[in-house]
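S.K.: Please find one structure pasted underneath; my questions will follow.
Throughout, read-outs are computed from the coordinates displayed, never taken from laboratory work. Source: prediction; values computed, not measured. Methodologically, a virtual Cβ is constructed for each residue, glycine included, from the backbone with ideal geometry; neighbour enumeration extends over all protein chains shown.
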Amino acid sequence: MMTDLIEVRVSNLVGAPLDWAVARAEGFEADPVCRTTVWLTPTDPISISIRGVTEGFGYRPSSHWGHGGVLIDKHQGTAQHIPGLPEDTCYAGGPAGAGVWCYGPTALVAFCRGLVHYKLSDTIQVPKELMP
């Protein structure tokens, strides 16, 4: 069991750490024993892991449209491509009402960063074991 947290700028989040931050922004609770397991209700746990991101399981709103797309609708958000920007920042996005949009390499990453920034902060503590 690893429970160390590390502070990271939201603009640098990608993959499992970003997915975990989105879960927290959406009101998921972290399991006190295994922080990479989160739930909306105690009977509905879901995992977030580096392996899940690469192999396609668990909660992945920053890379799975079935998870992230519903958040764009829920928060009346948007994401758009901005021609001429570098590949890692060529999309900007966030929820309705956000004074600041965040950038990212994909529409989902940009929106998810924007959502976390808007609902939580420009920095967040994430489980160290989720960091690449």
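S.K.: Could you please rank 29, 129, placing first whichever residue has the fewest other Cβ atoms within 10 Å of its Cβ?
M.R.: Numbers: 29 14, 129 17.
The fewest-first ordering by Cβ neighbours comes to 29, 129.
S.K.: Note the full-extension length gain between residue 12 and residue 131 as 0.36 nm times their separation in residues minus their Cα-Cα distance, in nm to one decimal.
M.R.: Values: separation 119, 0.36 × 119 = 42.84 nm, distance 1.09 nm.
This chain segment gains 41.7 nm when fully extended.
S.K.: What is the packing order of peptides 107-120, 77-90, 14-27, taking the mean over residues of other C-beta atoms within 10 Å and listing the highest first?
M.R.: Details: 107-120: 25.1, 77-90: 12.8, 14-27: 22.7.
Answer by packing, highest mean first, reads 107-120, 14-27, 77-90.
S.K.: Relative to the first principal axis of the alpha-carbon coordinates of the chain, what is the inclination of helix 107-119, with its axis defined by its Cα atoms, in degrees from 0 to 90 and to the nearest 10?
M.R.: So the inclination is approximately 70 degrees.
S.K.: Oh, and also: From the list (1) 20.2; (2) 7.7; (3) 9.6, can you say which value of mean projected area of the Cα convex hull in nm² was derived from the structure given?
M.R.: (2)
S.K.: Counting alpha carbon pairs within less than 8 Å and at least 6 residues apart, what relative contact order, in whole percent, applies to the stretch 1-106? Show your work: numbers first, answer last.
M.R.: Numbers: 137 pairs, mean separation 18.3, N = 106.
Relative CO of the stretch 1-106 lands at 17 percent.
S.K.: Right, another one. Quick one: divide the alpha-carbon radius of gyration of the stretch 58-132 by 2.2 N^0.38 Å and tell me what you get.
M.R.: Working: Rg = 12.1 Å, N = 75, 2.2 N^0.38 = 11.3 Å.
Normalised Cα radius of gyration, the stretch 58-132: 1.07.
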